[in-house]
Amino acid sequence: MIAEVIVNHKSKKVDKPFDYAVPVGMDVRIGSCVIIPFGAGNIHKEGYVVAVKDSTDAKRLKSIVRISKAIILFNEKQLELIKWIREKYLVTYLDAIHLVAPSGTGVKEEQWLRVIDHKEPRSKKSQEILKRICDNGNEIEINFLMSLFDTDIKSQVKDLIKKGILEVFYQDARQVKDKVIRMAKLSDEDADLSVVIEDLFRRRAVVQGRMLELLSECNKLSLADLVNFSGGNYQAVKALEAKGFIEIFDQVVYREVSHNREMMQKNPDTIVLTDQQESVLRELSKGIDTNVFQQYLLFGVTGSGKTEVYIRTIKKALENGKNSIMLVPEISLTPQLVSRFSARFGDDIAIIHSGLSLSEKYDQWKKIREGQARIVIGARSAIFAPLENVGVIIMDEEHEQSYKSEMTPRYTTHEVAEYLARQHNAILLFASATPSISTYYKVEKGDLKLLELTKRYNDMPAPGVKIVDMRKELEDGNKSVLSRALKEEISKNLENKEQTILFLNRRGFSTFVSCRECGFVAECPNCSISLTYHKNDNTLKCHYCGHTVKNYTLCPSCGSRYIRYFGGGTQKVEDEIKKIFPNASTIRMDVDTTGKKNGHANILHRFESEKIDIMIGTQMVTKGLDFPNVTLVGVISADTILNIDDFRAGERTFSIIEQVSGRAGRAEKPGRSIIQTYSPENNAIKLAKEHNYIEFYKKEISARGALWYPPFCQITSVIFSSKNEFSAAKCARCFAKSMMPAKEILAKLQILGPIPAYVSRVKNHYIYRLTIKCENNDDLNEYLLYARDRCMEDDNYSNVTIVIDKNPNSMG
């Protein structure tokens, strides 16, 4: 038997399968993790089996050393996905495999030394080496041993091995392992132990008697529980084991993924579907019954009951013996969604998102792989869960930017979800109150079937939206970040004991810090960006590389005391709120406050359970949150998104205003929204006030067609970064020149640039960007690969990193 193996090595030069002989009796299959001898030195490396065959043309074939772990990382269907990702996004096999394999399970083989002969060597250095190993329990990892000496001891170690005093062996090291707990059970489960228990009590071995009583009732218990419930100790456990009454064994358990099950649970028996929900559900149920790939767009206004449709659709899939993937764009949405789903489906759920530890992710992955979960909920990485027999894939808030990966492989979740749904003959449901322009265009073309929820679940009207012109506020002498109208509405909410959400797409206290005397602006030394002031710890931080310095009290340039803070972030808004409304309780939800474990869930739980008056947040608060007592939403500045240098600026502005406004008035109390802006005449803002998506779509699609922007074309960005600006710029020009043959063959193709990126230096790396527009960016693959390979083979560009990004989120 011959196995084709992908070597766990980052070099693109080894991005291909290598043939290895499979030793007799070794159970190797697709997805197996194996240790192989690799390269001229036969260094042991981990590899992944991608094919098993009977013969090979390769000569001097090496053999697989051993299987590195028992689990199968991917099956044949996932292997097809791995190959598709590699070809579509122009990445390596290894990059694609890392998407489907749980992080932290990779094996690093460590070389260890063991003492096998305690004969004392002659040299003092060798004697000291032997003593160190013996003191370490007779075995030691070789690199750790080397670190204990100031001088090189390689020759002495080799000599000790040659003389048979030491032997070399290898051990696998991995970051993530199974969680194991010690358990106890009766040695003979059918035995009547009543006489034994009575005898123990009579002889005053009361604790041992209680332990046997507990095990007679429960069959097995963890040692911790056995000791705790019996009021005993571990000596009593050992005594029972020595007498042969019980057996001690290890049991692998899943780590608990914490989420608040109390939060936002709704009694399923009290929920009655609206006529529109029933109609949508009938259509989706028909699709599930056909067992044929179909895709839909659920265009439902905020508060229309989309989540209930998701739950009923997944329930239908389960009844048909099918499994489901439920995607959300942000970790912050997961706690509320999981609590809703847990109320319906119990523990038949696995959760996957970046907020979990490596161990928790591994356990959730294993739970899915072993068939212990039939519903997967999570952010974009959940699309790669090892779920079999998929019947439904749902993408909630499909318009969100976070569905696009900003790290290699730079995949688009929409495309991966469509590939998987086709592969499994499943239905794919995109859903949003503000669908992306590209998604709604697919409805017009007939690629997606449109389903609509045009009314809120409780027949309440959409929140009333008031636009406040901040230019007029300034003219009238109001220099606060809060308009008079917003202050007034917050006061009403405080009087009525109703809650408010304030949104600002900027964290920190001030956007930048400047000296009024000389004009100095505090900038990051590693990036071409100003530092942001954070008041809570009195620091200036770079939001790109994390560089942090203490705040300046004197200008470092001229020594002046006139330091001023410009712009405003969430901290500044919170500070202002506390000054104006000193008795109001506030909570902030941004990257700074949600960085700790379960940060999102804890903040949302506190906001609801403690009835906190005002929540101030970044984009985390704009979508999916459902709090009955929130009746007011304030957008501090609609211009922060409107004025970005991107053709999607209007789309994102409309979406955020509509989404965040939709957090208000979701129960019996009516909602209202205040939008503060310096551009009240802008179409996106005016049409968001009217909740008129269709009119906004018509204007936007017309402009995109005229300017040949997506969805009429597709965009590929190529990013070049290097510590040497000249190298980055020259490499970018070489790449652009290498793309010229594509211009002659492809009918419609535009190559723009290269130019410095909007933030032209990050972490001391200069960044240049090349933008390519064409009808289908997959047609560019061979030309992109040719240009990349040509640049990478040139030694002048060895210090330049090249990243190809299809359909990027940002044009800067």
Given the conditions (1) in a strand (DSSP E or B); (2) open to solvent by less than 10 Å² (accessible area, probe 1.4 Å); (3) out of contact with any Pro (no Cβ under 8 Å at 6 or more places or on another chain); (4) under 17 Å from MET811 (Cβ atoms), every one holds for GLN676 apart from (4)
Within the range 751-806, residues modelled with pLDDT of 90 or more, within 27 Å of the chain's Cα centre (by Cα), among the aliphatic types (A, V, I, L, M) and farther than 22 Å from SER11 by Cα come out as ILE767
Over the range 1-35, the set of residues part of a loop (DSSP other than H, G, I, E, B), touching a residue at least 60 places away in the same chain (Cβ under 8 Å) and out of contact with any strand residue (DSSP E or B) (no Cβ under 9 Å at 6 or more places or on another chain) is LYS10
(1) open to solvent by less than 20 Å² (accessible area, probe 1.4 Å); (2) in a helix (DSSP H, G or I) all hold for SER381 apart from (1)
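To keep it simple, each residue is scored yes or no on (1) crowded, with 24+ Cβ neighbours inside 10 Å; (2) in a strand (DSSP E or B).
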site	(1), (2)
LEU298	yes, yes
THR307	no, no
ILE314	yes, no
ILE325	yes, yes
LEU337	no, no
ARG344	no, no
Right, ASP192: over 30 Å from LEU358 (Cβ atoms), open to solvent by 70 Å² or more (accessible area, probe 1.4 Å) and more than 47 Å from the chain's Cα centre (by Cα) or not? yes
SER324 meets each of (1) under 24 Å from the mean Cα position of the chain (by Cα); (2) more than 22 Å from GLN423 (Cβ to Cβ) with one exception, condition (2)
Among the residues in the range 36-48, are any crowded, with 21+ Cβ neighbours inside 10 Å and in contact with a helix residue (DSSP H, G or I) (Cβ under 7 Å, 6 or more places away or on another chain)?
yes
Pairing a residue in the range 627-647 that is more than 26 Å from ASP613 (Cα to Cα) with any residue that is among the aromatic types (Phe, Trp, Tyr) and assigned to a loop (DSSP other than H, G, I, E, B), where Cβ atoms lie under 6 Å and the two sit 6 or more apart in sequence or on different chains, gives PHE647/TYR709
Here the qualifying pairs (Cβ atoms under 6 Å; residues six or more apart or on different chains; first in the range 248-263 and under 18 Å from ILE352 (Cβ atoms); second part of a loop (DSSP other than H, G, I, E, B) and at pLDDT below 70) come out as SER258/ASN598
Exercise for the section: Please tell me if SER147 is free of Cβ contacts under 8 Å to residues at least 40 places away in the same chain and under 43 Å from the mean Cα position of the chain (by Cα). Expected result: yes
message: It is to be established whether one or more residues within the range 387-403 are open to solvent by 20 Å² or more (accessible area, probe 1.4 Å) and free of Cβ contacts under 8 Å to residues at least 60 places away in the same chain.
response: no
task = Return yes or no: is ASN233 touching a His at 6+ places or on another chain (Cβ under 9 Å) and either at pLDDT 85 or above or within 30 Å of SER609 (Cα to Cα) (or both)?
result = no
Taking first residues from the range 196-225 that are closer than 11 Å to ILE246 by Cβ and second residues anywhere that are outside any helix (DSSP H, G or I) and of a type in the set (Val, Ile, Thr), the pairs with Cβ under 8 Å that are 6 or more apart or on different chains are MET211/ILE246; LEU212/ILE246; LEU215/ILE246; LEU223/ILE181; LEU223/ILE248
Check: Just to be sure, is PHE229 in contact with a strand residue (DSSP E or B) (Cβ under 6 Å, 6 or more places away or on another chain) and either open to solvent by 70 Å² or more (accessible area, probe 1.4 Å) or in a strand (DSSP E or B) (or both)?
Finding: no
Those residues of the range 404-429 which are touching a residue at least 60 places away in the same chain (Cβ under 8 Å) and part of a loop (DSSP other than H, G, I, E, B) amount to GLU406, THR408, PRO409, ARG410, TYR411, ASN425, ALA426
Residues of the range 159-180 being open to solvent by less than 80 Å² (accessible area, probe 1.4 Å) and either modelled with pLDDT under 85 or out of contact with any helix residue (DSSP H, G or I) (no Cβ under 9 Å at 6 or more places or on another chain) (or both), in sequence order, are ILE161, GLY164, PHE169, GLN171, ASP172, ALA173, ARG174, VAL176, ASP178, VAL180
Within the range 131-158, residues being open to solvent by 60 Å² or more (accessible area, probe 1.4 Å) and either charged (D, E, K, R) or assigned to a helix (DSSP H, G or I) (or both) number 11
When every residue in the range 254-296 that is open to solvent by 70 Å² or more (accessible area, probe 1.4 Å), part of a loop (DSSP other than H, G, I, E, B) and at pLDDT below 70 is compared, the one farthest from GLY321 (Cα to Cα) is GLU262
Checked against (1) surrounded by 13 or more Cβ atoms within 10 Å (Cβ to Cβ); (2) in contact with a strand residue (DSSP E or B) (Cβ under 8 Å, 6 or more places away or on another chain), ALA236 satisfies every condition except (2)
Output for Cβ contacts, cut-off 7 Å, separation at least six or different chains, first residue closer than 20 Å to ARG648 by Cβ in the range 430-458, second open to solvent by 30 Å² or more (accessible area, probe 1.4 Å) and of a type in the set (A, V, I, L, M, F, W, C), reads ALA433/VAL301; VAL443/LEU450
Cβ pairs under 8 Å, 6+ apart or interchain, first in the range 796-812 and of a type in the set (Ser, Thr, Tyr), second open to solvent by 30 Å² or more (accessible area, probe 1.4 Å), ordered by first then second residue, are TYR797/LYS730; THR801/HIS765; SER810/TYR758
_VAL237 - would you say it is assigned to a loop (DSSP other than H, G, I, E, B) and touching a Leu at 6+ places or on another chain (Cβ under 7 Å)?_
no
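With the requirement that a residue be polar (S, T, N, Q), open to solvent by 40 Å² or more (accessible area, probe 1.4 Å) and over 15 Å from ARG182 (Cα atoms), what does the range 197-226 give you?
Of everything in the range 197-226, just one residue is polar (S, T, N, Q), open to solvent by 40 Å² or more (accessible area, probe 1.4 Å) and over 15 Å from ARG182 (Cα atoms), namely SER216.
The values are calculated or read from the model by the stated rules, or taken from the named source; none is laboratory data. Since this is a predicted model, take the numbers as computed values, not measurements. Don't worry about glycine lacking a Cβ; one is built from the backbone with ideal geometry, like all the others, and counts go over all protein chains shown. The protein model used for the area step is the full one, side chains on, heavy atoms only, and it has no ligands, DNA or RNA in it. Shrake-Rupley method; radii C 1.70, N 1.55, O 1.52, S 1.80 Å.
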